[in-house]
């Protein structure tokens with residue numbers, strides 16, 4: 001039997017260890033790089049105004065749906081509305097079935113991207129699932145509530 | 001011939017998993033400790049109530065409106081619901097406050113008349129007025145994000161204090177103190 | 001009364017766990033050897049008492065005993081029986097009790113049945129199991145008591161979240177928990193083996209069926225959970241890389257690696273330290289997953305609404321158990337000598353590739369899940385989803401699949417690729433043929449953007465399906481051992497699942513439209529007509545139900561009824577999608593809102609071959625089951641043979 005292909009025991013262990021480390025470190029570095037470029041950042045309308053994301057990059061937009069801004073397009077499934085946080089406003093367009101708790105004046109998180117012309121195209125709208133659930137990102141939306149009060 | 005022991009360098013690598021776990025632990029600790037306070041305090045404290053006018057939630061009590069709340073007398077505004085369990089826990093405290101002469105108005109959110117009636121029958125009715133806020137719109141406009149929450153409103157309709165969560169026995173004196181301050 | 005009995009049983013079980021730990025540890029010392037006889041019975045008693053406590057909680061839920069806080073907060077008298085039952089574990093405290101119960105019962109089961117280990121290793125294993133249980137008993141009894149009473153019982157319960165009122169989801173947690181917590185056995189085995197330096201083929205053979213069992217339940221649990229999300233959430237998707245989903249996937253990845261590496265250890269006495277390490281990692285992933293979803297540190301659409309205080313408790317437990325096990329590993333692994341050697345081209349090597357790739361994917365998923373936490377420490381809020389997980393995972397998944405096609409055909413220890421070129425050629429040619437066919441006849445894959453991963457996926461899936469049955473060719477099928485069948489079926493399951501995933505990603509079509517009653521729409525080969533929308537009522541809900549006639553390729557129409565449903569307690573709206581399944585895919589229909597002009601929003605999908613995803617998952621589980629039965633049968637045969645030999649020796653006076 002050909003044993004010359006077999007390594008010495010301690011060499012084998014070392015080589016296996018090195019392979020495992022190289023692959024795992026490689027995976028870690030790859031992951032780190034991919035996370036930085038592919039993670040979806042969270043914006044409120046003021047952020048969009050001050051430091052807008054690149055056109056077409058997947059981000060999330062959170063805020064309050066401005067009262068009176070909700071309009072349904074003639075196709076019956078596309079809606080236009082404005083998300084605001086008391087300081088700035090961002091127009092949003094969404095095609096699809098809106099989640100149940102989505103009404104004017106309520107909080108919303110939209111997943112999508114900024115398009116040319118400053119309109120946010122939403123692929124997905126997220127609503128609350130629990131009466132006491134406030135998404136952590138919106139915990140400092142005191143300014144939003146402020147603004148809402150002023151529009152009353 | 002005895003087998004060679006694992007090279008000493010390999011010995012150091014054995015501690016790598018532990019180091020990785022330690023890193024995870026630190027990361028997660030900061031995540032846990034940092035936003036320890038998940039309560040969303042209202043930015044409305046010191047601001048006047050927004051304008052609203054809620055229809056009565058049950059027959060037998062009038063609805064709640066901003067105009068009535070600014071009639072010169074400080075009062076408590078309690079946000080509750082028939083399906084809210086901690087609201088049951090605070091019912092005795094509300095009762096105690098009402099017996100001491102405190103005026104309490106209620107806002108029932110996302111509720112049905114028969115359920116609110118059932119809740120009041122079972123737990124007592126300390127409210128002078130109860131408004132129905134079907135979509136939580138008024139609740140959110142006054143800066144409340146959950147149930148139960150209680151606000152101290154002064155005679156001019158300005159929000160002076162917010163109590164988040166159910167009112168425990170030890171919270172009662174503080175609320176009375178806030179009401180007294182609001183009256184000055 | 002029942003609540004008090006339940007709580008008392010829980011305390012007693014906790015006390016017995018403490019006893020199990022102390023006597024188990026002492027029995028390893030020379031002075032305490034006499035205690036060894038107690039440890040197994042104590043473990044069995046602990047399991048039974050904990051089981052009784054859980055039965056008590058079930059009874060309270062079935063009777064809707066509103067004086068118990070947990071029932072008042074989570075149940076409702078109008079709830080159908082089956083959902084009252086499922087409500088037991090549909091909340092934080094109840095599911096924590098389920099966790100502890102499975103752990104205790106698993107420990108009892110090992111104590112009763114496991115005879116293959118050296119006695120001292122067995123004691124160390126039971127002590128290890130008890131050590132881990134104690135922390136969770138403490139968590140339950142001190143911080144999450146399921147039997148807590150309310151001073152004044154409310155007139156009615158708060159109602160279970162209607163999203164959880166579903167058969168699939170009702171039984172999804174217990175299945176998953178049998179998996180997660182079943183991995184604690186592997187963890188305890190690893191601790192036992194490290195303490196007594198008993199890492200060898202016997203250890204691997206003893207541990208393997210337990211890991212297979214836990215892995216089997218995890219596979220079924222994840223498959224079921226994915227299918228539930230698919231039809232209940234109404235978005236047409238079946239995996240969202242949500243932290244809760246990842247929390248179940250990570251232990252599964254580690255357990256899959258563990259099954260393969262313990263196979264190397266059992267057969268060839270190699271990868272010894274690595275296998276022990278993986279056994280620790282697998283259950284650590286279960287514990288980390290539990291922590292992530294209950295602590296509230298990650299935003300998830302379906303995490304329990306818990307608080308940081310409980311999170312800190314679990315984190316402390318994690319530090320003790322995972323940290324402790326890793327310290328034990330670092331100190332004792334030195335005594336684990338190197339295993340047998342093997343060549344670059346051998347089955348062991350293929351399994352090493354499998355393990356390294358799976359570990360890489362595990363790391364990738366873990367990093368992606370934790371990344372939002374990291375960035376938040378620096379003030380930035382992010383979310384990580386498919387744009388990260390899919391491509392980065394694929395980079396390691398694809399090579400792993402290629403090796404999976406070849407590995408089972410290689411000999412142990414030393415082999416040449418030349419020997420199997422004939423067998424590999426067929427799958428390789430098939431992959432090429434499929435890819436070529438797609439390139440020529442499926443232009444939709446290339447415009448407007450190149451769907452690379454689905455493209456590769458379809459080719460790979462077909463090749464893999466054939467490669468997975470290759471090990472059976474040329475064998476006497478009736479005499480092929482069950483574990484080999486298990487391997488073939490499980491690998492075939494992966495190919496089937498991959499095929500479903502790839503074709504759905506590549507060829508699914510969607511139609512979003514506002515429809516008048518009577519209008520027809522096409523999606524893929526289907527023609528759908530909206531006949532009517534009318535109100536319908538159920539036991540604890542009311543809904544608007546649409547009646548639609550769907551006809552495939554002009555054939556006879558079938559009626560489907562998607563609903564938009566309103567639950568009353570607590571007030572929630574859900575979408576009940578309508579599914580029509582054919583051999584070649586599924587029609588998925590969702591009803592939205594009515595517009596002011598009387599039109600109804602409809603969302604329709606045609607998803608080719610999508611059910612394969614879950615059939616594949618079930619196949620994988622079936623493979624695991626076959627393997628498990630095969631191994632257990634073989635072990636029982638072996639132990640009976642050993643008994644006969646020992647018997648004969650006795651009678652012959654030797």
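Identify all residues within segment A:37-51 that are surrounded by fewer than 16 Cβ atoms within 10 Å (Cβ to Cβ) and more than 9 Å from every other protein chain (Cβ to nearest Cβ); write none if there are none.
A:49, A:50, A:51
With respect to the numbered conditions (1) away from chain A (no Cβ under 12 Å); (2) within 30 Å of residue C:157 (Cα to Cα); (3) touching a residue at least 40 places away in the same chain (Cβ under 8 Å), which one is the sole condition not fulfilled by residue C:537?
(3)
Tell me which residues, restricted to segment C:231-249, are more than 14 Å from chain A (Cβ to nearest Cβ), part of a helix (DSSP H, G or I) and either touching a residue at least 40 places away in the same chain (Cβ under 8 Å) or in contact with a strand residue (DSSP E or B) (Cβ under 6 Å, 6 or more places away or on another chain) (or both).
C:231, C:247, C:248, C:249
Kindly indicate whether residue B:128 is without any contact (Cβ under 8 Å) to a residue 60 or more places away in the chain and surrounded by fewer than 22 Cβ atoms within 10 Å (Cβ to Cβ).
Criteria not met by residue B:128.
List the pairs whose first member sits in segment A:95-108 and is within 8 Å of chain C (Cβ to nearest Cβ) and buried (at least 20 other Cβ atoms within 10 Å of the Cβ), whose second member is assigned to a loop (DSSP other than H, G, I, E, B) and modelled with pLDDT of 75 or more, and whose Cβ atoms are under 8 Å apart, counting only residues at least 6 apart or on separate chains?
A:97/A:77; A:97/C:234
Picking from B:90, B:117, which residue would you name as being modelled with pLDDT of 90 or more and within 14 Å of another protein chain (Cβ to nearest Cβ)?
When all the criteria are applied, what remains is B:117.
Given the condition facing chain A (nearest Cβ under 8 Å), at pLDDT 85 or above and not in a helix (DSSP H, G or I), answer yes or no: does some residue in segment C:359-370 qualify?
No; the residues of segment C:359-370 include none that is facing chain A (nearest Cβ under 8 Å), at pLDDT 85 or above and not in a helix (DSSP H, G or I).
What is the number of the single condition among (1) loosely packed, with under 15 Cβ neighbours inside 10 Å; (2) under 27 Å from residue C:237 (Cβ atoms) that residue C:458 does not meet?
Residue C:458 satisfies all of (1) loosely packed, with under 15 Cβ neighbours inside 10 Å; (2) under 27 Å from residue C:237 (Cβ atoms) except (1).
Among residues belonging to segment B:98-114 that are in contact with a strand residue (DSSP E or B) (Cβ under 8 Å, 6 or more places away or on another chain) and either crowded, with 23+ Cβ neighbours inside 10 Å or closer than 13 Å to residue B:57 by Cα (or both), point out the one that is nearest to the other protein chains (Cβ to nearest Cβ).
Step by step, filter segment B:98-114, then rank; the result is B:110.
With the condition kept exactly as written, say whether any residue in segment B:15-37 is closer than 30 Å to residue B:183 by Cβ, touching a strand residue (DSSP E or B) at 6+ places or on another chain (Cβ under 6 Å) and either assigned to a loop (DSSP other than H, G, I, E, B) or modelled with pLDDT of 85 or more (or both).
No, the conditions are met nowhere in segment B:15-37.
For residue C:556, only one of the following conditions fails: (1) within 14 Å of another protein chain (Cβ to nearest Cβ); (2) loosely packed, with under 15 Cβ neighbours inside 10 Å; (3) free of Cβ contacts under 8 Å to residues at least 60 places away in the same chain. What is its number?
(1)
Quick check: is even one residue across segment C:587-603 at positive phi and more than 14 Å from chain A (Cβ to nearest Cβ)?
no
Out of segment C:400-434, which residues are closer than 19 Å to residue C:249 by Cβ and within 13 Å of chain A (Cβ to nearest Cβ)?
Scanning segment C:400-434 gives a single hit, C:400.
Would a scan of segment C:33-54 turn up a residue that is in contact with a strand residue (DSSP E or B) (Cβ under 6 Å, 6 or more places away or on another chain) and modelled with pLDDT of 90 or more?
no
Just for strands (runs of 3 or more DSSP E) wholly inside segment B:121-184: which have at least 3 residues that are modelled with pLDDT of 90 or more and more than 13 Å from chain A (Cβ to nearest Cβ)?
Fully inside segment B:121-184 and qualifying: B:129-133, B:149-153.
Residues checked against (1) buried (at least 18 other Cβ atoms within 10 Å of the Cβ); (2) part of a helix (DSSP H, G or I); (3) on the phi > 0 side of the Ramachandran plot:
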| position | (1), (2), (3) |
| --- | --- |
| C:108 | yes, yes, no |
| C:123 | yes, yes, no |
| C:127 | yes, yes, no |
| C:132 | yes, yes, no |
| C:138 | no, yes, no |
| C:142 | no, yes, no |
| C:151 | no, no, no |
| C:158 | yes, no, no |
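Just one of (1) within 20 Å of residue C:346 (Cβ to Cβ); (2) at pLDDT below 90 trips up residue C:404, so point out which.
Result: residue C:404 fails condition (2) only.
Please give the number of the condition residue C:202 fails out of (1) more than 19 Å from the chain's Cα centre (by Cα); (2) buried (at least 21 other Cβ atoms within 10 Å of the Cβ); (3) modelled with pLDDT under 90.
Exception for residue C:202: condition (2).
For segment C:7-23, name all the residues that are crowded, with 18+ Cβ neighbours inside 10 Å and more than 12 Å from residue C:134 (Cβ to Cβ).
Across segment C:7-23, the qualifying residues are C:7, C:9, C:10, C:23.
Among the residues of segment C:431-441, is any farther than 30 Å from residue C:473 by Cα, in contact with a helix residue (DSSP H, G or I) (Cβ under 7 Å, 6 or more places away or on another chain) and in a helix (DSSP H, G or I)?
The answer is no, given that none of the residues of segment C:431-441 is farther than 30 Å from residue C:473 by Cα, in contact with a helix residue (DSSP H, G or I) (Cβ under 7 Å, 6 or more places away or on another chain) and in a helix (DSSP H, G or I).
For segment C:319-337, give me each residue that is over 32 Å from the mean Cα position of the chain (by Cα) and assigned to a loop (DSSP other than H, G, I, E, B).
Within segment C:319-337, just C:337 meets the criteria.
Just one of B:164, B:142 is in contact with a strand residue (DSSP E or B) (Cβ under 9 Å, 6 or more places away or on another chain), under 26 Å from residue A:105 (Cβ atoms) and surrounded by 22 or more Cβ atoms within 10 Å (Cβ to Cβ); which is it?
B:142
Do we have any residue at all in segment A:63-84 that's touching a helix residue (DSSP H, G or I) at 6+ places or on another chain (Cβ under 7 Å), within 16 Å of residue A:112 (Cβ to Cβ), in contact (Cβ under 8 Å) with a residue 60 or more places away in the chain and more than 9 Å from chain C (Cβ to nearest Cβ)?
Yes, segment A:63-84 contains at least one residue that is touching a helix residue (DSSP H, G or I) at 6+ places or on another chain (Cβ under 7 Å), within 16 Å of residue A:112 (Cβ to Cβ), in contact (Cβ under 8 Å) with a residue 60 or more places away in the chain and more than 9 Å from chain C (Cβ to nearest Cβ).
The values are calculated or read from the model by the stated rules, or taken from the named source; none is laboratory data. Note that this is a predicted model, so its numbers are computed, not measured. Positions of Cβ are generated from backbone atoms using ideal geometry, with glycine treated the same way; all protein chains shown enter the neighbour counts.
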